[in-house]
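Quick notes on the structure that follows.
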Amino acid sequence: MLLAVEPALWNSLTQYLINGLTFGALIALIALGYTMVYGIVELINFAHGDLFMLGSFASLSLLALLGFGGLGFTATMTDASSFVIAGVLIGCAILSVLFCAGLNFAVEYTVYRPLRNAPKLAPLVSAIGVSFIFMNAGLFWGGPQDVNFPDLISNDNLLGKDAAIRITYKDVLIIAVTVPLMLALTIFVKVTRLGKAMRATAQNPTAASLMGIDTNFVISATFVIGGALAGAASLIYAVSMNTISYQMGFQNGLYAFTAAVLGGIGRIPGAVLGGLIIGLVRSFGSAFVGEMWVNALVFGILIIILIFRPTGLLGTPVREKV
Amino acid sequence: MPALLTVDKLRSGYGPIDVLHDISMTVDAGEIVAMIGANGAGKTTTLMTIAGIVKARAGTITFDGQNLSGAPAHKIVRLGMGQSPEGRKIFPRLTVLENLEMGAFTRTDKPGIADDLEKMFAMFPILRERKGQAGGLLSGGQQQMLAIARALMSRPKLLLLDEPSLGLAPQIVVQIFDVIRDLNKSGMSVLLVEQNARMALRIAHRAYVLETGRVTFTDQASVVLNDPRIRAAYLGE
Ligand SMILES: Nc1ncnc2c1ncn2[C@@H]1O[C@H](COP(=O)(O)OP(=O)(O)O)[C@@H](O)[C@H]1O
Ligand SMILES: [Mg+2]
């Protein structure tokens, strides 16, 4: 009996691992936007999750425009050729990335920049305000119910119909988008001129100005990059979950923000690590503890980690000697 | 010949409070000008206003023939002004080498930058030994050397130094002041803010004394150094 159970358990564990890692990678992509912005202007941009939500609605509207269903659409896209679907996906990706990047830029320029030298609470409260405005825009755009997002990608198991472990094209898509984006961002920040200017500005904005860095430009660029990542995340989320709602920004934004804090806010690798941990805790937690305890578990772990490492897992700031 | 830097009736401050009241001063090409004054007199505010970090509220700043009114800090750097700011403001998680590279942010001449890096390492050999280390891990003296070298990497015409000796061991202070003197001998103009008035006045050509945001005394450094009031107030005699 025992021997018969064990492979099944292993299969389940592997499955939870896959589910956790894919969801975690998605959360990590959103978390990068929180952490980069915090790193550079010490602002928790509460509107970031809602920006992600609006990105999904932008994609949905484009799909509706192209005749691929839209609000209330339920059928799968099995009749369209994969060539057409690839084209449509690329179109959605371009739109959602540009839309979120542009919107994030606009919010920084019109709301946060005038408050740059105000007490820290002013931009923070404004960010909460922008979050509500975005959420209301989403409510207006998509209505109060969950909205179906066209099922553009097959749910077939890549390992075969009867395999014990499921890996779908959707899982592959998530990893194929998130991992290269995170690698590209890491390299960008490490080696490019703008990336170095971003790191310098994050570490000491006054000194960065004294080096000839246009810190306002660098801050704008940070919001644009963070927004673009949220846009990419919004599309792969919608395509793989097939349900979007005006509230999805709040829930996922909270996970992403938690991921950023867990990994050490301001640190890019920290956001990735935090996202993966949250994905895994959620996946294993709902299997072994129960769905309704998942959030308590995620935040319980956050609190425990912060008690022992207040700066987060990778947030070991070099002590500055004065 | 007009001065390299001319500050005329400069007023600036923070929030509702004016810190500087009608400050006027000049730095000629090739000079070391010292600015001394008690803690809180407004020395750092003067340097930060000249550099464009703090906005001037009235008065004019002319640098190398250009009016700096309203110019943002990052543009002023390109005109040839470098600063080692108060507290050094090293980028703590960038390596020593990366800190120096940030100093050359405004430049694109790769061979020239490489040359200047070598010069910095020759001037401060410890920076070469530590070039792969995070800036935040250096000692106070090493950070000061890095801050000066980083400012020099932009090839400035005028070097602003804010309290380069603060908190350093005496032999390091001597080393730093030797470097400032050598830089000046090779043509660098320097505006030196110091609480260590004695050391500053010994290497400076001229000096300004700042009290609560006003210039109250200015003369040749040797005259200032021997003025009984200055000796009583700033040299502990
Ligand atoms: N960022 C700031 N905000 C508000 N007040 C400041 C700030 N920096 C300095 N001050 C005030 O301005 C005055 C001059 O300070 P500072 O220029 O730093 O003097 P110094 O460099 O001569 O010690 C002081 O009264 C100080 O409290
Ligand atoms: Mg000072």
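Throughout, read-outs are computed from the coordinates displayed, never taken from laboratory work. Just so it is clear, the structure is predicted and the values come from calculations on it, not from any experiment. Heads up, the Cβs are rebuilt from the backbone with ideal geometry, glycines too, and the neighbour counts pull from every protein chain shown.
Annotations for the structure displayed:
- Under the span-like rule (Cα at least 20 Å along the axis, Kyte-Doolittle mean at least 0.5), DSSP H helices of chain A: A:2-41, A:48-65, A:82-107, A:121-142, A:169-191, A:215-241, A:248-263, A:268-288, A:294-308
- Pairs of alpha carbons in the protein assembly as shown separated by more than 37 Å make up 44% of all such pairs.
- Amide H contacts of residue A:267 (H built 1.01 Å from N, under 5 Å, at least 5 apart or other chain): none
- A cut-off of 5 Å between modelled amide H atoms, ignoring neighbours fewer than 5 places along the same chain, links residue A:147 with A:244, A:245.
- Dipole size of chain B about its Cα centre, with +1 on Lys/Arg Cβ and -1 on Asp/Glu Cβ: approximately 380 debye, rounded to the nearest 20.
- For region B:111-198, the spread of Cα positions along each principal axis, largest first, Å: 38, 30, 17
- Here the Karplus curve 6.51 cos²θ - 1.76 cosθ + 1.60, taken at θ = phi - 60°, turns the phi angles of region B:157-168 into couplings of 8, 10, 10, 9, 10, 10, 6, x, 9, 4, x, 9 Hz, with x standing for Gly and Pro.
- Cα→Cβ-extended label distance, 7 Å offset, between residue A:254 and residue B:181, nm: 6.6 nm
- Spin-label model, residue A:128/residue A:90: points 7 Å from Cα along the beta carbon direction are separated by 4.5 nm.
- Calculated [222 nm] ellipticity per residue, helices only, for chain B: -10500 deg cm²/dmol; basis is -39500 (n - 2.57) per DSSP H run with n ≥ 4, divided by all residues, nearest 500.
- Kirkwood hydrodynamic radius of chain A, Cα pairs, Å: 20.5 Å
- Listed residue (A:238, A:313, A:297) projecting farthest to the positive dipole end of chain A, Cβ model: A:313
- Gain on full extension, evaluated as 0.36 nm per residue between residue A:247 and residue A:303 minus their Cα-Cα distance, stands at 17.7 nm.
- Shielding by other protein chains, B:95-108, mean Cβ within 10 Å: 3
- Set of region B:31-65 residues, backbone N closer than 15 Å to the point 7 Å along the Cα-Cβ line of residue B:223: B:34
- Considering only the protein assembly as shown, percent of DSSP beta bridges that pair antiparallel, nearest 5: 55 percent
- Converting the Cα gyration tensor eigenvalues of region B:5-234 into ellipsoid dimensions via √(5λ) gives semi-axes, longest first, of 28, 21, 16 Å.
- Annotation: extensible slack from residue B:29 through residue B:11 equals 4.1 nm (criterion: 0.36 nm per residue apart, minus Cα-Cα distance).
- The phi torsions of region B:131-148, fed into the Karplus equation with coefficients 6.51, -1.76 and 1.60 and a -60° offset, translate into couplings of 5, x, 8, 5, x, x, 8, 6, 6, x, x, 5, 5, 5, 4, 5, 5, 5 Hz, rounded to whole numbers, with Gly and Pro shown as x.
- Distances between placed amide hydrogens fall under 5 Å for residue B:35 paired with B:192, B:193, B:194, B:208, all partners being 5 or more residues away or on another chain.
- Between 0 and 90°, nearest 10: helix B:170-185 axis offset from chain B longest Cα axis: 90 degrees
- Of B:176, B:90, B:189, farthest towards positive along the dipole that unit charges on Lys, Arg, Asp, Glu beta carbons give chain B: B:90
- Estimated FRET transfer efficiency when R0 is 30 angstrom, pair residue A:120-residue A:194 (beta carbons, to 0.05): 0.70
- Largest-first principal axis extents, alpha carbons of region A:268-311, Å: 29, 20, 11
- Shielding of B:69-77 by partner chains, average beta-carbon count, 10 Å: 4
- Relative contact order of chain A, pairs being alpha-carbon contacts under 8 Å that are 6 or more residues apart, as %: 35 percent
- P(r) weight above 19 Å for region A:48-198, C-alpha pairs, percent: 67 percent
- Cα-projected label distance for residue B:67 with residue B:214, points at 7 Å along beta-carbon direction, nm: 2.7 nm
- For region A:92-180: rounded, prolate or oblate by the Cα gyration tensor [a/c cutoff 1.5]: prolate
- Anisotropy class assigned to region B:41-116 is oblate, per the alpha carbon gyration tensor with a/c at or over the 1.5 cut-off and a/b no larger than b/c.
- Note on chain A: helix-only mean residue ellipticity at 222 nm, from DSSP H runs of 4+ residues weighted -39500 (n - 2.57) and normalised by residue number, equals -24000 deg cm²/dmol.
- Between region A:208-250 and region A:170-184, the C-alpha centres lie 16 angstrom from each other.
- Charged side chains reduced to their Cβ positions (Lys and Arg at +1, Asp and Glu at -1) give the protein assembly as shown a dipole of some 1060 debye around its Cα centre.
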